[in-house]
Amino acid sequence: MSVLAHSVREVETALRSGRVTPATRTKFQAVALLLRKERARVRAEGNSSDARRAERLKRLDHTATTLAMTAVRDPALLALLAEDAIVSDEARSLTRDMLRKAGSETGLETDVDEAPPVEAPAA
């Protein structure tokens, strides 16, 4: 998905310039969620050749590596990569928007829409 790569570059640029806003963190988390879901979908795909699947996984892994290397610049972003990270409503909404923008028909929309909202723990 070129939408993913483009979003990773936007996050990377924001971090380089020192402008890490809540919107940047939301975009970072949305991209991480989409990468995780797309990777699982490609791995489970049975109707494409092994070579095609390997190429798609290679591209996704490259994007994920770039995202992780970007996260090293801001430790708060690393927490958003955890399996048990709290996913904000804004990140869910942005994820849906990114899928629409990509013209996705992969079924990921259902996964995102049906995921129950997660409440932030009381401080």
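Read-outs: derived from the displayed coordinates by stated rules, not from any lab. Keep in mind that what you see is a predicted model, and the values were worked out from it rather than measured. Note that we place each Cβ from the backbone using ideal geometry, even for glycine, and neighbour counts take in every protein chain shown.
Worth a mention:
- Normalised per residue, the volume of the convex hull around the Cα set of the stretch 1-106 (Å³): 95 Å³
- Loop-located trypsin sites (Lys or Arg not before Pro) in the stretch 1-110 (DSSP state other than H, G, I, E, B) with a sparse environment of at most 16 neighbouring Cβ atoms within 10 Å: Arg19, Arg73.
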